[in-house]
Structures are given as structure tokens and as C-alpha cells.
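All remarks here apply to the structure that follows.
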Amino acid sequence: MRIGVYFCNCGPNISEKIDSAAVREAVAQVEGFGYFRTVDFLCSSTGTEEMEADISAEKPDRVVVAACSVRDHEETFRDVLSRAGINPFLMQMVNIREHIAWVTADPLQATAKAIAQIRAAMKRVVLHESLVRQELDVNTGVLVVGSGPAGLKAALTLAEAGRKVVLVEKEPMIGGMPVRYEEMFPNIECGPCMLEPVMGDLLHGPFAENVEILNLSEVEGVVGYHGNFTATIRKRARRVSADLCIACGMCIEACPAKGPNPYNCGMNEKKAIDFPFRGVLPNLPYIDAAACVRTTKGEDCTACRDACLVEGAVLLDEAEEVVTRDIGAIILATGGALYDCSRLPNLGHGVVPDVLDALEFERMLAASGPTEGVLRTASGKIPERIAIVHCVGSLDHRHMNYCSGVCCEVAFKFNHLIAHKLEGATVTHFYRTICVAGKEEFKLYEEAKSRGTTRFLQYEDLSELSVSGGGEGKGISISSARGGGNALDRYDMVVLCPAIVPSDGTRKMLSLLELASDRFGFAAELHGRMDSAKGNVRGVFLAGTCQAPMDVQKAVNQALAATGLALSGLVPGRKMVVEPVTAEVDAERCSGCRSCILVCPYKAIVFDAEKDAAVINPVLCMGCGTCVAACPSGAIKGIHFTNEEILAEIAEVLA
């Protein structure tokens, strides 16, 4: 065994603190020492060329590199070894810059530390094994879950790149929440108009053949690994043929059944067969099983089919089905939801008439909403005094202890729209703090401040406020405990702006994919700043408000980041390289306790009933070693981090 040691001065970064001559003299005493080289900048092109030539000439059995961070340059030096004809895993790096030179004031102490760690690396590296990276064929298709702005943009971008895309959406339409907003902040753009070009391209554009849109569908299972996933998807029956329906609406007129309209927050009713709302895409009605008398009462009603102008367009007997799709990557774009305002009972939502949350107010403002865009109270009165309450459930450790960032912008958009719809109406903002960051977002706040009909009342804690009254044209009272319980004013309508929280769909997908969540329930990114579009499971990427509260611009930008990662990871014709630094189970020693399955953060371990042992998928395994530590039988080996290797290193440091 002959070990070559390469010592990088890193200019003055290392050489000012660590004496390379003293190191050389000390490590030369280690068994297997072959030679010692000192280089000024080992990672530079000159340094790596010199190292490659030296290794080719010296032909060491093992190499130790004493330089900087493994994260920065381990791959650099592995490449050098490969070019020089040595297995790249027969090398051990020692970080003598960040771990020693930069944090040790005394040069003598720094040199002693460097000697101990380089000697330890030499003891360790003799136990290294030659490892080989595997190559696998990959499926370049992508599953996109959720069809809000993030999911739509991701799906279209992938399709334009020639990739096959499966877009799964649980609702009967695409577009997510913004297609229900008639005006969007900060520029008061029409939400459906803004998204229509993307939706139109996905449905009918030049790359539409690359996209399969599955509405009324939900992912029920995913197996496999990056490059080779199989998704199981349950498709509920629309009972209207997308190929034959001409969207004439004759079936809707004939339908005798009605039910609450979920797309208008239950503020009006819709027929059992109906469009979700006017202008929806795809422009197709669907039969709501919760309202249709065929399912609720068992009646043999065929009114919609009888009225249909196209034979075969209404499919009353269509059943749900389960389909599977093979894909290589998954983009999660399942969006967010609004915090349940009823969890703050002092604010009266759901109890006091005309206390609305932000989504209910959005639908009332929309021409396709329950009042066709006319603002009026439950008693039919045109409101003259409206209160808007900010930070409902946010910035509050009893509810959601973060700022959603978009609620204030929504509140000032409401202020703008009220001023244009109701001349002379007054608006009062109850706020804890104002957050309108961004180059465009501040103007609606400025506009609100400049209006003589707008006033601002600051509160410290929402528990100070109490909303009561309302109904039959009576005003709503908002009183403040801080003011001795005095009524601050009376209003015709109160709008609550709640925090953005993870949607039920996001929670379900996180559980199904075994993705990590953060402490608020959103999808946890692999790294909050450098890898915010990656989930902790390889091949699963995050887009939009499944990861954090954000506006449409940020959601779309993150979707494009996720799309880039999916495209770069699955290139047609290129095989996927699988790193060999993983873990493996000794089936003979495995007790079958499955502790490793519970702790694996990458969903890489399954239980093989025939072998009665755990099995690790090397494609999914990231080599973190959690399972190795958790195994009570010592049956799991961390490849390249074996117990023998680590103990040899520790023993030399402590010698």
C-alpha cells in the first residue's frame, strides 16, 4: 500500500497557519506513506494538471488531499484521480482550511491539528474500496400535480421542450384559485385573462399533444425512483364527454336538481350538471354527484341526457377509473389555502352575517360570482361602510406564526375595487403591521392612504377585537378590548384577510410521497436558499404555494426553476448516474424490525417479505447514514462510511 499526500497552501489561507514541512515530517511516519506534495492552489487548472501528471507517474494505491471543503472540491479531485487512472473513491479529503486554518489562532496548534487529521485520513483511506457509479435508462416524462399558475407554467414549459407531461387536477377545471379572481394585484389585471393564454396553449396549442390533462383526478400512489416513477391516479367520472359536448348548456336548463355552489363558497346554488362558473376552461359542464338525484335519491332521472343536442355527450353511467402513468420526475404544485377564520370566533366568521373571508369577497366581486359582481349585504343593501381586517391568523404564535406576504396586497386591492364600485363608501383597515414589499406592490397602499374615504386603525392583537351584530340590515359592530370595550364604529360588511396555509392536497401529497414538511406544514425544501425548488426525495420538485405563501409571480418563477431541474435531470438519450455512496442491508443479520424504514428521509427502504429483510434502493438512497445509526442489529452498512473506516480515523485522532 502506497499513499500519496497532496497538501494545498491555498495561497496564504492555509500556509499562514499550517507548516507544511512539519506536516510532511509527521505524516511520513505513517505506515504506507509514499510521498508528499505541496501545491499553492491545488484546485486551479495548473494545480489539477500537476496533480494528474504526478499521480500518473507515481501510481499511488491511495490518495489523501489536505485542502478545503469536501462540498466545494471533492468532485474536482475525484475527477483528477479518474483521469490519472485511479478509482476516484480511493481518496480521502481533509478540510484543513475551514476546519483548522480559519478557526485556529495559534499556528502551532493549527499544525498539530492538521497532522492529526491527515494521519487519521491516511489510516482511513487504506480501508477504502473501489466503487463504481451505475448508469440507468430514464423516462423523461414528468407528472405535474396541480393546475394553478405554477402547475400550468411548468406543464407548458415542459411540453414546449418536447417532454410528455401528465397534468393531474382534482377540480373539473384548470387554473387554480386565480381564475376565480376578476382582478389581481398589483396591476389590477384580470386573473382569467392573464392565465387564458397558458391554458389555451395547454388545451389547443402547438405542443398540446405532449400534455395529458386529467381533471377530477387525484394521485393515489407513487412507486419507483427518480427517472422511473409509476403513479397511480384515480379519475372521477365527469359524466360529460369532452370529445362530444358542445357546451350549449341545454342540459343545465333541463336539470331539476340544485346544490350549494362550491366555486362561490356556497353563497349561491348551481345545477347538478353545470359549469363550475362562467368562462371556465375546459369549457365543459360536469355532473356533481353530491347534488344529482341519481346518486342522492336513487332516482332514474335522465333529464340532462334527454335535453342534450348531441347523442352520447352525457354519460350518465360513466364510472370512475384508476389509471397508471410512467414518468421520470414529479413537480408538486398543489397550492395553498386560506386559514379557517372560524378559528378566531371573536371575528364572527360563519356566525355574524356579512362577515366574509377574502375568497368569499373575491367571488362577490367577480362577474361570474353569486351576485354577478354587485356588492351587497345578505339583506340586499348596498354597503356604505366596509371594514377590512388584516393578519387574520398570521403573525400569531397561537395560529400561524409567519407573515403570508400577500394579504396586505389583497386588502389594498379590495380597497381599490370598493372605491370604484361604491362611490363614497368608506373603508377602514384594521391592521397589525403593513407588508407591501416589491417594486409594484406599494402603489395600491399609497392609493388607499390618499383616499379621504379610507382610514387605518392599528391593533396589537386580534383578541382585542370583537365583531357582533349584523343581519336584517343592521350594522356590524367592532369593539376593542383595549379601548375599554367601546365600539370603534359600525359597518355594513367586514372582510377578513387570512393567512395562507398548506392546502389539503399539499398535505396529502406530502404524506403520499413521504416528503418532509416544515414546521408550518408546507413542503420542506432541500435547502431553504440554494435548493428551494427541490424536495427531499430525489426527482420530486416543488413549485408555488405548496412550499410557502407567495404571489403568482413568485409561484411561476419557482415553477420554472422546478422545470429546469426536471429537464436537466432527465435528458433524452442520457443515462442517469447513480452514486455508489449509499447503504446496504445484510439480509442474514436483518431482524425485520423495520426501524430503518421509519427513519429514512428519502423513502429509499422497503421491506421484502420473501427475504424477511429490509432492502435499500440505491437510486433513492442519499447515503445519509440515518438507517445505519438506527439499525439495532448492526445489519446496515454505510458504503464508503463503514464502521471500520470511521473507527480507524477516530483511533488515529485520539492516539
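The values are calculated or read from the model by the stated rules, or taken from the named source; none is laboratory data. Quantities reported herein were computed from a predicted structural model and do not represent experimental measurements. All Cβ positions, even for glycine, are placed from backbone atoms using ideal geometry, and neighbour counts span all protein chains on display. Calculation scope for accessible area: heavy atoms of the full protein, side chains included, ligands and nucleic acids excluded. Shrake-Rupley method; radii C 1.70, N 1.55, O 1.52, S 1.80 Å.
Worth a mention:
- The set of residues in segment 265-300 being surrounded by fewer than 18 Cβ atoms within 10 Å (Cβ to Cβ), part of a loop (DSSP other than H, G, I, E, B) and free of Cβ contacts under 8 Å to residues at least 60 places away in the same chain consists of Gly266, Asn283, Ala289, Ala290, Lys297, Gly298, Glu299, Asp300.
- As for segment 86-99, it holds no residue that is part of a helix (DSSP H, G or I) and either modelled with pLDDT under 95 or over 45 Å from the mean Cα position of the chain (by Cα) (or both).
- Every residue from segment 605-642 that is in contact (Cβ under 8 Å) with a residue 60 or more places away in the chain and not polar (S, T, N, Q): Pro618, Val619, Leu620, Met622, Ile639, His640, Phe641
- Considering Ala635, Ala629, Ala561, the condition of being open to solvent by less than 40 Å² (accessible area, probe 1.4 Å) and among the small types (Gly, Ala, Ser) is satisfied by Ala635 alone.
- Within segment 109-149, being in a loop (DSSP other than H, G, I, E, B), out of contact with any helix residue (DSSP H, G or I) (no Cβ under 9 Å at 6 or more places or on another chain) and either open to solvent by less than 30 Å² (accessible area, probe 1.4 Å) or over 30 Å from Ala559 (Cβ atoms) (or both) holds for Glu129, Ser130, Leu131, Val132, Arg133.
- Unmet criterion (only one of (1) open to solvent by less than 20 Å² (accessible area, probe 1.4 Å); (2) modelled with pLDDT of 95 or more; (3) aromatic (Phe, Trp, Tyr)) for Phe229: (2)
- Filtered by the rule that a residue be open to solvent by 20 Å² or more (accessible area, probe 1.4 Å) and either more than 48 Å from the chain's Cα centre (by Cα) or among the basic types (Lys, Arg) (or both), segment 33-56 gives Phe33, Gly34, Arg37.
- The set of residues from segment 412-438 being touching a residue at least 24 places away in the same chain (Cβ under 8 Å) and not hydrophobic (A, V, I, L, M, F, W, C) comprises Lys413, Asn415, His416, Lys421, Gly424, Thr426, Thr428, His429, Tyr431, Arg432, Thr433, Gly438.
- Within segment 1-16, the set of residues being outside any helix (DSSP H, G or I) and either closer than 15 Å to Gln117 by Cα or open to solvent by less than 40 Å² (accessible area, probe 1.4 Å) (or both) comprises Ile3, Gly4, Val5, Tyr6, Phe7, Cys8, Asn9, Cys10, Gly11.
- Inspection of segment 426-442 finds a residue satisfying the criterion of being in a helix (DSSP H, G or I) and either modelled with pLDDT under 95 or not hydrophobic (A, V, I, L, M, F, W, C) (or both).
A quick yes/no check of all residues on (1) closer than 30 Å to Ser217 by Cβ; (2) open to solvent by less than 20 Å² (accessible area, probe 1.4 Å); (3) assigned to a loop (DSSP other than H, G, I, E, B):
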position	(1), (2), (3)
Phe456	no, no, no
Lys474	no, no, yes
Leu488	no, no, no
Leu496	no, yes, no
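- Subset of segment 525-558 (residues that are open to solvent by less than 30 Å² (accessible area, probe 1.4 Å) and more than 24 Å from Arg180 (Cβ to Cβ)): Ala533, Gly535, Asn536, Val537, Gly539, Val540, Phe541
- Flag if Ser532 is of a type in the set (Ser, Thr, Tyr) and farther than 24 Å from Thr232 by Cα: yes
- Test for Lys603: is it within 30 Å of Ala150 (Cβ to Cβ), open to solvent by 30 Å² or more (accessible area, probe 1.4 Å) and in a loop (DSSP other than H, G, I, E, B): yes
- None of Glu441, Glu464, Glu409, Glu446 is under 37 Å from the mean Cα position of the chain (by Cα), open to solvent by less than 50 Å² (accessible area, probe 1.4 Å) and without any contact (Cβ under 8 Å) to a residue 24 or more places away in the chain except Glu464.
- Among the residues of segment 605-623, the ones that are more than 15 Å from Asp586 (Cβ to Cβ) and charged (D, E, K, R) come to 1 in all.
- For segment 355-370, the criterion of being at positive phi, open to solvent by 30 Å² or more (accessible area, probe 1.4 Å) and outside any strand (DSSP E or B) is met by no residue.
- Restricting segment 49-85 to residues that are touching a Phe, Trp or Tyr at 6+ places or on another chain (Cβ under 9 Å) and outside any helix (DSSP H, G or I) leaves a set whose member that is nearest to Ile646 (Cα to Cα) is Val64.
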